[in-house]
Amino acid sequence: MKKLVLAFVMASASLSLVSAPMLRAQDTITIKDPAEYNTYQNAFTQKDPHAKAAALESFLTAYPQSVVKSAVLDSLIDTYQGLGDADKTLGAASRLLQVDAINMKAIFWSVLIKKSQCGKTVNQKTGLSTDPQTCDDAAALAQKGLLAPKPAATSPDDWKKLTAGTYPAFHSAIALDDIVSKKDTKAGISEYRTELMLYSPEQTQSGPGLQDTLQLAGCYTKPDAKDLVQAVWFYARAWNYAAPQIKPAVEKAIEYYYIQYHGKLDGLDDIKAQAAATVFPPGAFVISAKATPAELAHKAIVETPDLSKMALVDTEFILANGAKEDTDKLWAVLKDQVTPVPGIVIEATASVIKVAVTKDAKDAKIADFIVNLKKPLTEKEIPAVGFEYKIPPATALVGTYDSFTQVPATDTVSASVQIVLRDGEIQLEKKKPVPAHKPAAGHHTAN
C-alpha cells in the first residue's frame, strides 16, 4: 500500500484542498505623506488581481519602510494566493515574517506551501524526502505557529477560531517531517493523532482530516511502529469516507493487514461499521490474533502436497517463522533449485543484486533476497534502485537457491529471512515479432 499512502502524502500537501481560516490584518494606521497615501489607495482599489499585485509591489519598492508595510504584505499574500501563485505567496509571507515574526497568517501559508513542496520531494520507492531541509523548514514554522502568543488586539473567541483552523495543519506538517525527513514514525503517529483530535468528527470525513487518517493508518504498518490493530481501525475509518477512485485500494489494505493479524476476514464488516461512527477506536477495541507464525508455517508444510510448487511469499514465510524441522523439510526441496525473484531492487552492483520481494520487505526497504550473479554486469546493465523485476516472460531475475539465514523477531520487527541465490542472471523480456504485412486477397502489385 506504499503507493497509496504516498499518493495521499501528495494530496494532503495540495493547497487546493485546504480551507484556510480567515486571517486579516486588523490594525488601522494613518499614512501622513499624501503621495504615499495616494499610492497606497491606488494599489488597494485595483480590481484586477494581477494589477493589484503589481501595484502593491510597486508601493513596497517606493516606500520600503512604510508604516503600512505589514498591511500591504498581508494583502499581497491574499492576492497571490487568489491567483494560485504558491511561490509568490510564500515570498510575500516570508517578507511579512521579517516585519512581524509571529504573524499567524504568514506562518500558516508558509507552512502549507513548504509542506506541499516537501510532499513533492518524497521518493515513492523509499518513502523519504530528497530535500529534507524543506520538510524541516515546514515543521519549524509549524512549531513556531503552535507557540505563537495571542495578539493583544485579538479577542479570545477570534483566537480560538484562528487556532482551530491553523493548529491541525501545523501538526500535519510536523508529522510529515517526522516521517519523510527524520525517519521517526512514532513521533509522526503522535502528531497525526493530535491533529485528528483537533478536528470535529465531520472534518475527518473529507479533506486533510480524511487524508491524514489514511496517513496514520499507514504509519501503524511500518516496522518501527507496527500495530496492526490500530492500522486496521484507521484504514476502516478512511474506507468509510474515501472517494470512489481510492476506496478499492483502501479496502485492499484493510483486508491485507486484517488477514495478516487475524487470519481471515470474518468480523471485518463489524469493524468497518464501528469505525464509521467514531474517529478513534474505543478503549476496549481488540482484534483476536490468528495462530502463531510458527503454527501457521507448520500448517502450510503439512497441508501442501508439493512443496516445490509453493508460492514464493509462502516459502519465505515458512523459512522465516518455521521450526527447524519444518524449515529443514522445505529447504531440502528448494536447495539447488532455480527460481525467479520478482521484487524491487534495493541495492545492486556488477556482481550482486539485492531485492525486496515480500510486502513487509518492501515497506521496510530491506532486501530479503540476495542474488549473486553468474557473470558480472556491465555498468549500463546494473539495475537502478527501485527497478522492479517481474515473473517471466517479463524481464526477470532468476537464481539458484543456495542458503538462508533466519532473522529473529524483536519487539518492533517481525521475524524475517534473508535468502541467498547463486548463478543469478537477468532474463530480458522477449518482444513478440511484428508480423509481416501480407497483401489482401486479390491485391496485385504494379509491374
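None of the figures in this text is laboratory data; all of them are computed from the coordinates on show. Bear in mind the structure is a predicted one, so any value in this text is a computation, not a measurement. No Cβ is skipped: glycine too gets one built from the backbone with ideal geometry, and neighbour counts run over all protein chains shown.
Remarks
- Computed lengthening from Glu295 to Asp270, 0.36 nm per intervening residue step minus Cα-Cα distance: 6.3 nm
- The chain: most fluctuating residue of Val72, Val333, Val355 per GNM, C-alpha cutoff 10 Å: Val333
- For the residue pairs Lys222/Lys329; Lys290/Lys354; Lys47/Lys105, the alpha carbons lie more than 27 Å apart in Lys222/Lys329; Lys290/Lys354.
- GNM result for the chain, Cα springs below 10 Å: residue of Thr121, Thr213, Thr292 fluctuating most strongly: Thr292
- Unit charges on C-beta of K, R, D, E only; dipole of the stretch 293-427, Debye: 320
- Computed about the Cα centre, the dipole magnitude for the chain is approximately 780 debye when only Lys and Arg (+1) and Asp and Glu (-1) carry charge, each at its Cβ.
- Footprinting exposure proxy for His298, His171, His50 (fewest neighbouring C-beta atoms within 10 Å first): His50, His298, His171
- For a paramagnetic label modelled on Lys247 (point 7 Å from Cα along Cα→Cβ), amide N atoms under 17 Å away belong, within the stretch 176-206, to 205-206.
- Annotation for Thr395 and Val407: the two label points, set 7 Å from Cα along the Cα-Cβ direction, are 2.6 nm apart.
- Counting only aspartates and glutamates at least 8 places from Lys272 when in the same chain, those with an alpha carbon closer than 16 Å to its own are Glu251, Glu255.
- Electrostatic tally near Thr400: other residues with Cβ closer than 15 Å to its Cβ, Lys and Arg +1, Asp and Glu -1, net 0.
- Positive minus negative residues near Gln46 (Lys, Arg vs Asp, Glu; Cβ under 15 Å): -1
- Projecting the Cα atoms of Ile271, Val250, Leu176 onto the charge dipole of the chain, computed from C-beta unit charges around the Cα centre, puts Val250 farthest toward the positive end.
- Relative intensity, log₁₀ I(q)/I(0), of the chain from a Debye sum that treats every alpha carbon as a point, q = 0.06, 0.08, 0.09, 0.11 Å⁻¹: -0.39, -0.63, -0.74, -0.94
- Local electrostatic count at Ile419 - Lys and Arg +1, Asp and Glu -1, tallied over other residues with Cβ under 10 Å: -3
- FRET efficiency for the Ile31 to Lys160 pair, using the beta carbon distance and R₀ = 45 Å, is estimated at 0.85.
- Along the axis of the charge dipole computed for the stretch 86-150 (Cβ charges of +1 for Lys and Arg, -1 for Asp and Glu, origin at the Cα centre), the listed residues Ala142, Phe108, Gln124 are led at the positive end by Phe108.
- With respect to the chain, whose longest principal axis is taken over its alpha-carbon atoms, helix 185-198 is tilted by about 50°.
- Relative packing of peptides 341-351, 142-152 - highest average C-beta neighbours within 10 Å first: 341-351, 142-152
- Seen against the Cα atoms of the chain and their longest principal axis, helix 268-277 is set at about 10 degrees.
- Point-to-point label distance, Ala277-Ser58, nm (Cα→Cβ direction, 7 Å offset): 6.3
- Among Ser416, Ser110, Ser403, residue whose mean-square fluctuation peaks in a GNM of the chain (springs only between Cα atoms under 10 Å): Ser403
- Pair Asn123, Ser200: separation of 7 Å Cα→Cβ label points (nm): 4.3
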